[in-house]
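What follows is a short report on a single structure.
The values are calculated or read from the model by the stated rules, or taken from the named source; none is laboratory data. The structure presented is a predicted model; accordingly, all values stated were derived computationally and were not measured. For neighbour counting, all protein chains shown are included, and Cβ atoms are generated from backbone atoms with ideal geometry for every residue, glycine included. The area values use the complete protein model at the heavy-atom level, side chains included, leaving out ligands, DNA and RNA. Shrake-Rupley method; radii C 1.70, N 1.55, O 1.52, S 1.80 Å.
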Amino acid sequence: MMLTVAPTSDIQTRLRIRRSSILRLVRWLGLGIAALWLLAALSLVALRWIDPPTTAVHMQRRIQSWTQSGAYNKRYRFIPLNQISPDLQHAVVAAEDARFYQHHGFDWSEIQKAAREDMEGERTRGASTITQQLVKNLFFGTGRSVIRKVAEATLVPVAELALGKQRILELYLNVVEWGPGFYGADAACRTDYRTSARGISRAQAARLAAILPAPLKRRPERMNSYSGIILKRMAQMGW
């Protein structure tokens, strides 16, 4: 039985076609990623004037309720920053990002400390700023991956430039997850303390800020120790 060997020119032609197809696919993937990034960047610019109707975290929790057959009652109402108690604003900054008004989106000092603790196997802190957390909430949900971190890092400077500190804080305080199904300062204050975000007390504000790292696991009434630390930080920062 004789084996038919394809001519060298045919093999080279097939290889060229295959390489061309791969390059075309890579090009389209690159264009798709660039288009998504541009859409996210333009969305951040628009958020300077438009309040977001939802976020990636909100949608993620809704989908999870479908897949887990759980009840989901979303509570979310966007309110202006001047309707949120200064105590709650200060408590969140003191708890989540003490250098919020000094950095430009990344707190390199905290990043270095976190990296050092990682190397020593003693990681006790996060290094994400409020701006980073806002971008993550808006576009990426709660998942963790290197790709998400890279994409987040490229959008943080856009947020800082387009929004400014006060709008970033206003957006974060309104969209952040504060418990199962409720988002933002208005929902948190009304759910946990039956009061408005403007009328919350200093101690209550510290307790609410204390649960933000793990809002689905922590409850304000159990945060005596950490809320005390937050109150001390606020005093040290002149608040």
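Remarks
- Semi-axes of the equivalent ellipsoid for region 171-239, Cα gyration tensor, largest first, Å: 19, 14, 11
- Inter-label distance, Ile17 to Arg222: 6.3 nm, where each label sits 7 Å from its Cα along the C-beta direction.
- A convex hull fitted around the alpha carbon atoms of region 104-231 yields 124 Å³ per residue.
- Mean residue ellipticity, 222 nm, helices only, the chain: the sum of -39500 (n - 2.57) across DSSP H runs of n ≥ 4, divided by residue count and rounded to 500, is -20000 deg cm²/dmol.
- Distance cut-off 17 Å, percentage of C-alpha pairs in region 133-197 lying past it: 48 percent
- Close amide H contacts of Arg75 (hydrogens built in the peptide plane, cut-off under 5 Å, sequence separation of 5 or more or a different chain): Phe182, Tyr183.
- The chain: relative contact order in percent, alpha carbon pairs under 8 Å with at least 6 residues between: 26 percent
- Alpha carbon centroid spacing (whole Å) that separates region 71-111 from region 18-46: 32 Å
- For region 1-114, the per residue solvent-accessible surface stands at 71 Å², with DNA, RNA and ligands left out and a 1.4 Å probe.
- Accessible area of region 101-239 belonging to carbon and sulfur atoms, whole % at 1.4 Å probe: 55 percent
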